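Shown next, in structure tokens, is the structure this report addresses.
The values are calculated or read from the model by the stated rules, or taken from the named source; none is laboratory data. These numbers come from a predicted model, not from an experiment. Neighbour counts run over all protein chains shown; Cβ positions are idealised from the backbone, glycine included. Side chains are part of the model used for accessible areas, which takes the heavy atoms of the whole protein and leaves out ligands, DNA and RNA. Shrake-Rupley method; radii C 1.70, N 1.55, O 1.52, S 1.80 Å.
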Amino acid sequence: MPRDFFAAYAQQQAERMAKTPLDGAPWAALAQAYTQTCAQPVHGDLPGWLSVLRDTAALRPSVVDLDRDALRIGTAADLAAFGGTDTLVGQLRQLHPWRKGPFELFGVPIDTEWRSDWKWQRIAPHLSPLAGRTVLDVGCGSGYHVWRLAGAGAAAVLGIEPMWLYVLQFALLQQWLVHAGQAPAASVLPLTLEQVPDLPQTFDTILSMGVLYHRRDPLQHLMTLKRLLKPGGELLLETLVVEGGVDTVLVPEDRYCRMRNVWFLPSVAQLIRWCERLGFRAVRCVDLNWTSVQEQRRTDWMTFDSLAESLDPHQPRRTVEGLPAPLRAALLMQAP
């Protein structure tokens, strides 16, 4: 059953992209890479996650709004033949944790761990107009920003996200949008950037947010993004940084904010130097923001530890390891 679902899902995504600029060879190569991931062992919770999509497939939203902070799909009145709000809440909780959002699904507010709308408000004014552009969102999670990009007029948006749970959160919303006849040209595939096939000069815009500091080779990550961009294409790079000069780079000895997979935290000046050395043009920092416990926090829809548990309770500008607290920079640049 799980593998049958993903085979059907891949076919559905290919059909949805058939009339977009991502059709043809690029999509075929992506679908092939996706098929290879389906050969990997399935997650033990996958059958339960898939049951949520199956059990809610009959829902028909009367309202869709992808251009608001809490993306809205459906109303509570649409649940009359489904069993009511409590039934839907029980289904949605099976897809815990909900990390990126927020959403309002058939009247149910999904208060996600991240206020991803705050990040969108910071970066969206700096992006080139999205109308007609092909966009790649690397590490997109549930696809919140994929929907926002599509809602802002992008011609085709592809998100890649290796965690199947978050891909299924996207698939859940997509099936409802299809029923409403309002599904934009947007897809999410369970891939890492390393699994994406060689697709040179495919995208007009790429977003890489919250990914670079997880890479053991950040320069290779940037080089791959550059290759995927069309000439003059735009990269929005958002990552953790530290205060300091052009030679400042923090390499955590072990953990950072209780995470083991954090490798390099450069200063903004050092990060700009990296990008310029790799050939990017017009590199500039468009936002610098200390992550607050209001923007990333534990909620009823993400009940695990979050940022507050990773900071020194006596020094909020320090992590529990005694390192600088999370400072995030957003850089904008163009491919040559």
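Structure notes:
- Each label point was placed 7 Å from the Cα along the Cα-to-Cβ direction; for A269 and R318 their separation is 2.5 nm.
- Taking amide H as placed 1.01 Å from N in the peptide plane, F106 has its amide H under 5 Å from the amide H of I73, G74, T75, each at least 5 places away in sequence or on another chain.
- Long-range HN-HN contacts of R298 with modeled amide H, under 5 Å: S306, L307, A308
- Using a Gaussian network model of the chain in which every pair of alpha carbons under 10 angstrom is joined by a spring, one finds that among D247, D67, D300 the greatest mean-square fluctuation is at D247.
- Residue-by-residue Karplus 3J(HN,Hα) for region 148-157, coefficients 6.51, -1.76, 1.60, Hz, glycine and proline x: 5, 4, 5, x, 8, x, 4, 6, 7, 10
- The charge dipole of region 183-242, taken about its Cα centre with unit charges on the Cβ of Lys, Arg, Asp and Glu (plus for the first two, minus for the last two), comes to roughly 100 debye.
- C-alpha long axis of helix 2-16 to longest principal axis of the chain, angle in °: 80
- The string of couplings for region 266-272 from the Karplus curve (6.51, -1.76, 1.60, θ = phi - 60°) is x, 6, 4, 4, 5, 5, 4 Hz, one whole number per residue in order, with x for Gly and Pro.
- Within the accessible area of region 195-241, the carbon and sulfur atoms contribute 47%, probe 1.4 Å, all protein chains present.
- Gyration tensor (alpha-carbon) shape descriptor, region 249-292, a/c threshold 1.5: oblate
- Cα→Cβ-extended label distance, 7 Å offset, between R260 and E309, nm: 1.7
- Gyration tensor (alpha-carbon) shape descriptor, region 71-149, a/c threshold 1.5: prolate
- Here region 1-151 has 53 percent of its accessible surface on carbon and sulfur atoms, given a 1.4 Å probe and all protein chains in place.
- Taking each DSSP H run with n ≥ 4 as -39500 (n - 2.57) and averaging over every residue of the chain yields -9000 deg cm²/dmol at 222 nm.
- Note, ³J(HN,Hα) from phi for region 210-216, Karplus 6.51, -1.76, 1.60, rounded to Hz, x at Gly and Pro: x, 10, 4, 6, 8, 9, 5
- Label-point separation in nm, A57 to V251, each point 7 Å along Cα→Cβ: 5.1
- Distant-in-sequence amide H partners of A325 (H built 1.01 Å from N, under 5 Å): R318, T319
- Each part gets one Cα centre, and for region 110-184 versus region 218-252 those centres are 22 Å apart.
- Per residue, region 239-336 exposes 51 Å² of solvent-accessible protein surface, assessed with a 1.4 angstrom probe and all protein chains in place.
- Residue-count net charge about P324 - beta-carbon cut-off 9 Å; Lys, Arg +1, Asp, Glu -1: +1
- Charge context of E104, other residues only, Cβ under 15 angstrom, K/R +1, D/E -1: -2
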